[in-house]
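The values are calculated or read from the model by the stated rules, or taken from the named source; none is laboratory data. Given the structure is predicted, the values throughout are model-derived calculations rather than measurements. Don't worry about glycine lacking a Cβ; one is built from the backbone with ideal geometry, like all the others, and counts go over all protein chains shown.
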2 protein chains.
Amino acid sequence: MKATVTVMLKPGVLDPQGEAVKSALGSMGFDGVEGVRQGKVIELDLAPGTTEAQVTEMCEKLLANTVIESYRVEIA
Amino acid sequence: MKATVTVMLKPGVLDPQGEAVKSALGSMGFDGVEGVRQGKVIELDLAPGTTEAQVTEMCEKLLANTVIESYRVEIA
């Protein structure tokens, strides 16, 4: 069983990595880049029977800093 | 126009971050976690008319280290 967790900074939270990527792309000549947000994607190989609630608990306790980050869980 | 780039380590490449997350989840009592791979997700706000080829070029030149990473581009 596989779960994919996507963790992104909440809107309004400064994203220094995203800003760095945006300016680097601009200096490389990619002038159509208006904004960049960077986050984490975590692919979990889970024992059969692991529930989405358990994955959500993993996010709440470890995978995401819920003060500044939001997360999305996809079970495959 | 929005593009989402997902960058993951290629299979076989050691993923120290993923290993750290896996052992942390284990020590927190989540015992059904058999494997963890961590990567980046980059959301790009692009000027209208930006092509997928240009986004691919951004990946090849900056967003991914193609020696050890693979990437996937989704245009929305």
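Under the condition of being among the charged types (D, E, K, R) and exposed (fewer than 14 other Cβ atoms within 10 Å of the Cβ), which residue from the stretch B:3-33 is nearest to A:I42 (Cα to Cα)?
Top of the filtered list is B:K10.
For the stretch A:4-24, indicate whether the set of residues that are within 9 Å of another protein chain (Cβ to nearest Cβ), within 24 Å of B:T51 (Cα to Cα) and among the aliphatic types (A, V, I, L, M) is non-empty.
Yes: one or more hits.
Name the residues in the stretch B:1-33 that are of a type in the set (G, A, S) and touching a helix residue (DSSP H, G or I) at 6+ places or on another chain (Cβ under 8 Å), would you?
Matches in the stretch B:1-33: B:A3, B:A24, B:G32.
Condition first: of a type in the set (S, T, N, Q), surrounded by 14 or more Cβ atoms within 10 Å (Cβ to Cβ) and out of contact with any helix residue (DSSP H, G or I) (no Cβ under 6 Å at 6 or more places or on another chain). Now tell me which residues in the stretch A:34-64 satisfy that.
Once the filter is applied, which keeps residues that are of a type in the set (S, T, N, Q), surrounded by 14 or more Cβ atoms within 10 Å (Cβ to Cβ) and out of contact with any helix residue (DSSP H, G or I) (no Cβ under 6 Å at 6 or more places or on another chain), the stretch A:34-64 yields A:T50, A:Q54, A:T56.
For A:G49, which of the numbered conditions (1) farther than 18 Å from B:A3 by Cα; (2) modelled with pLDDT of 95 or more; (3) at the interface with chain B (Cβ under 8 Å from one of its Cβ atoms); (4) over 15 Å from the mean Cα position of the chain (by Cα) fails to hold?
Going through (1) farther than 18 Å from B:A3 by Cα; (2) modelled with pLDDT of 95 or more; (3) at the interface with chain B (Cβ under 8 Å from one of its Cβ atoms); (4) over 15 Å from the mean Cα position of the chain (by Cα) one by one, A:G49 breaks only (2).
Just the residues that are of a type outside the set (D, E) and either within 7 Å of chain A (Cβ to nearest Cβ) or over 13 Å from the mean Cα position of the chain (by Cα) (or both), please, taken from the stretch B:52-62.
B:A53, B:Q54, B:V55, B:T56, B:M58, B:K61, B:L62
Could you give every pair whose Cβ atoms fall below 6 Å, whose first residue belongs to the stretch B:12-39 and is over 11 Å from A:L63 (Cβ atoms), and whose second residue is part of a strand (DSSP E or B) and of a type in the set (S, T, N, Q), counting only separations of at least 6 or pairs across chains?
Sorted first by the residue in the stretch B:12-39, then by its partner, the pairs are B:Q17/B:Q38; B:G18/B:Q38.
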